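Please read the structure below before turning to the comments.
The values are calculated or read from the model by the stated rules, or taken from the named source; none is laboratory data. Model, not experiment: these values are computed from the prediction. Positions of Cβ are backbone-derived with ideal geometry, glycine not excepted, and every protein chain shown enters the neighbour counts.
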Amino acid sequence: MKLVLSIIVVVFTLIIVYFFVLGYLSKKGNPIGLIDARLAACEQKPNCVCSEYPDDQSHFVLPINYTVISDFPVSVDVVGAALKPAPEDIIRIAKQAVIELGGTVQTDDDSHREHPFYLAATFQSSLFGFIDDVELRFDSQDKLLHFRSASRVGHSDFGANLKRIEKLKNTILARLAADSLVDS
């Protein structure tokens, strides 16, 4: 019985050490950045979501979609608020939302800025310190705010990146709606 208990303790300790090592390793690196003016596609692991590639159903999330008709703003989104944001406003509000949700916005030098309306941020898990990259790109031609969130290490994230993007989208939409009410 003591041998079985000792084996369980050793295995459990090795698993915990493994997760701390993964957390340490995830601190190295930067967000991928844009590839051909688009967010990078997800690898074939379940720890990533992205709105740029609708054909990749296992990783796809909806972008925030804006359409402006004449001088009257119309938003086609999950909230249904009337919005008329400039791309600069969207990125500014997205930065505020990332910070509000506990993320760290990367500086221009760190984010591989290749696009004027690109934002890179990182989020760190509380227990093991895993780093996840969150990237946003506003497509001013199609009026879409695209999202990508991916874990730097490991295979599964138990849906953490999807939940984060949904919270981020809701926070951005709420802030944009509040700003449009202030501007009215």
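Answer yes or no as to whether L127 is modelled with pLDDT under 95 and in contact with a Ser or Thr (Cβ under 7 Å, 6 or more places away or on another chain).
Numbers: modelled with pLDDT under 95: yes; in contact with a Ser or Thr (Cβ under 7 Å, 6 or more places away or on another chain): no.
Judged against the criteria, L127 is not a match.
Cβ contacts < 9 Å: first residue under 12 Å from A97 (Cβ atoms), restricted to the range 153-180; second residue of a type in the set (S, T, N, Q) and buried (at least 17 other Cβ atoms within 10 Å of the Cβ), any location; separation 6+ or different chain. Result?
R164/S149; I165/S51; I165/S149; L168/S149; L173/S75; L176/S75
Looking at the range 1-28, I want the residues that are farther than 17 Å from D132 by Cβ and have a partner that is part of a helix (DSSP H, G or I) with Cβ atoms under 9 Å, at least 6 apart or on another chain. Which pairs are those?
Here the result reads none, with nothing in the range 1-28 linked to a residue that is part of a helix (DSSP H, G or I).
G23 - would you say it is in contact with a strand residue (DSSP E or B) (Cβ under 9 Å, 6 or more places away or on another chain) and in a helix (DSSP H, G or I)? Step through it out loud before you land on a result.
On the way: in contact with a strand residue (DSSP E or B) (Cβ under 9 Å, 6 or more places away or on another chain): yes; in a helix (DSSP H, G or I): yes.
Here the answer is yes, as G23 does meet what is asked.
Please give the number of the condition V11 fails out of (1) under 24 Å from L168 (Cβ atoms); (2) surrounded by fewer than 18 Cβ atoms within 10 Å (Cβ to Cβ).
Of (1) under 24 Å from L168 (Cβ atoms); (2) surrounded by fewer than 18 Cβ atoms within 10 Å (Cβ to Cβ), only one is false for V11: (1).
Evaluate the following for V21: is it closer than 15 Å to F138 by Cβ, over 19 Å from the mean Cα position of the chain (by Cα), at pLDDT below 85 and among the β-branched types (V, I, T)?
Working: closer than 15 Å to F138 by Cβ: no; over 19 Å from the mean Cα position of the chain (by Cα): yes; at pLDDT below 85: yes; among the β-branched types (V, I, T): yes.
Answer is no for this residue.
Quick one: in the range 35-51, which of the residues that are more than 22 Å from V153 (Cβ to Cβ), of a type outside the set (K, R) and in contact (Cβ under 8 Å) with a residue 60 or more places away in the chain is surrounded by the most Cβ atoms within 10 Å (Cβ to Cβ)?
Restricting attention to the range 35-51, the residues satisfying the condition of being more than 22 Å from V153 (Cβ to Cβ) are 36-38, 51.
Remaining after also requiring of a type outside the set (K, R): 36-37, 51.
So of that shortlist, the ones also in contact (Cβ under 8 Å) with a residue 60 or more places away in the chain come out as 37, 51.
Values: A37: 10, S51: 24.
Across the range 35-51, the extreme among qualifying residues is S51.
Restricting to the range 135-184, give me the number of residues that are more than 26 Å from H115 (Cα to Cα), assigned to a loop (DSSP other than H, G, I, E, B) and at pLDDT 90 or above.
Of the residues in the range 135-184, 1 are more than 26 Å from H115 (Cα to Cα), assigned to a loop (DSSP other than H, G, I, E, B) and at pLDDT 90 or above.
Determine the pairs where a residue that is more than 30 Å from E88 (Cα to Cα), located within the range 116-129, has a partner that is surrounded by fewer than 17 Cβ atoms within 10 Å (Cβ to Cβ) and basic (K, R) with Cβ atoms under 8 Å apart, the partner being 6 or more residues away or on another chain.
G129/K27
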